[in-house]
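Asker: For reference, the structure I am asking about is given below.
The values are calculated or read from the model by the stated rules, or taken from the named source; none is laboratory data. Nothing here was measured: the structure is a model prediction, and the numbers come from that model. Because the Cβ atoms are built from the backbone with ideal geometry, glycine has one as well, and the counts that use them run over all protein chains shown.
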Amino acid sequence: MMTQTTTTYTIQEVSAITHLPSSTLRYYEEMGLLEPVERAANGHRRYTDADLMRISFVTKLRRTGMSIDLMRGLALSRCIAAAHGRHRSESRFCKRTVPLFKPKWMR
């Protein structure tokens, strides 16, 4: 039986790959632009290829001059589309992000 392994990267490796400082990667996660990154047993972040794809997407949005709030709104619209079957689900991110934008009467 073949076991599939997922390649993971440290924050330093992701910083080198994306040309973004580690502080920016942490900030994007804190601001909700990135899904919460998995942690190793020692608490260090371990990024996956899916995380790298999302970082690439966020970086492209940022290059357009889009604000953090607009980028978060775009992420929310992707989650809503996923809920209606119109976009590939980003389940962990959507489960954490959508409640932040729900009006109080919907909670």
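Asker: Hey, can you tell me all the residues within segment 16-37 that are in contact with a Phe, Trp or Tyr (Cβ under 7 Å, 6 or more places away or on another chain) and without any contact (Cβ under 8 Å) to a residue 12 or more places away in the chain?
Answerer: none
Asker: Say whether the condition of being among the aliphatic types (A, V, I, L, M) and either within 27 Å of Leu70 (Cβ to Cβ) or at pLDDT 95 or above (or both) is met by at least one residue in segment 2-10. Spell out the reasoning first.
Answerer: From segment 2-10, those among the aliphatic types (A, V, I, L, M) are 2; that's our starting set.
If we keep only those that are either within 27 Å of Leu70 (Cβ to Cβ) or at pLDDT 95 or above (or both) too, we end up with none.
Checked against the condition, which is being among the aliphatic types (A, V, I, L, M) and either within 27 Å of Leu70 (Cβ to Cβ) or at pLDDT 95 or above (or both), segment 2-10 yields no hits at all.
Asker: Another question about this same structure. List every residue pair whose Cβ atoms lie under 6 Å apart, where the two residues are 6 or more positions apart in sequence or sit on different chains, the first residue falls within segment 38-50 and is in contact (Cβ under 8 Å) with a residue 12 or more places away in the chain, and the second residue, located anywhere, is small (Gly, Ala, Ser) and in a loop (DSSP other than H, G, I, E, B).
Answerer: Filtered contacts from segment 38-50: Arg46/Ala40.
Asker: What residue, among those in segment 37-62 that are in a helix (DSSP H, G or I) and small (Gly, Ala, Ser), is modelled with the highest pLDDT?
Answerer: Filtering segment 37-62 for residues that are in a helix (DSSP H, G or I) and small (Gly, Ala, Ser), the one modelled with the highest pLDDT comes out as Ser56.
A quick yes/no check of all residues on (1) in contact with a His (Cβ under 9 Å, 6 or more places away or on another chain); (2) surrounded by fewer than 16 Cβ atoms within 10 Å (Cβ to Cβ); (3) acidic (Asp, Glu):
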site: Thr8; (1), (2), (3): no, no, no
site: Gln12; (1), (2), (3): no, yes, no
site: Thr18; (1), (2), (3): no, no, no
site: Arg26; (1), (2), (3): no, yes, no
site: Glu29; (1), (2), (3): no, no, yes
site: Leu33; (1), (2), (3): no, no, no
site: Asp49; (1), (2), (3): no, yes, yes
site: Lys60; (1), (2), (3): no, yes, no
site: Thr64; (1), (2), (3): no, yes, no
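Asker: Of the residues Ser77, Ser22, Ser91, which is hydroxyl-bearing (Ser, Thr, Tyr) and at pLDDT 85 or above?
Answerer: After ruling out the rest, the residue left standing is Ser22.
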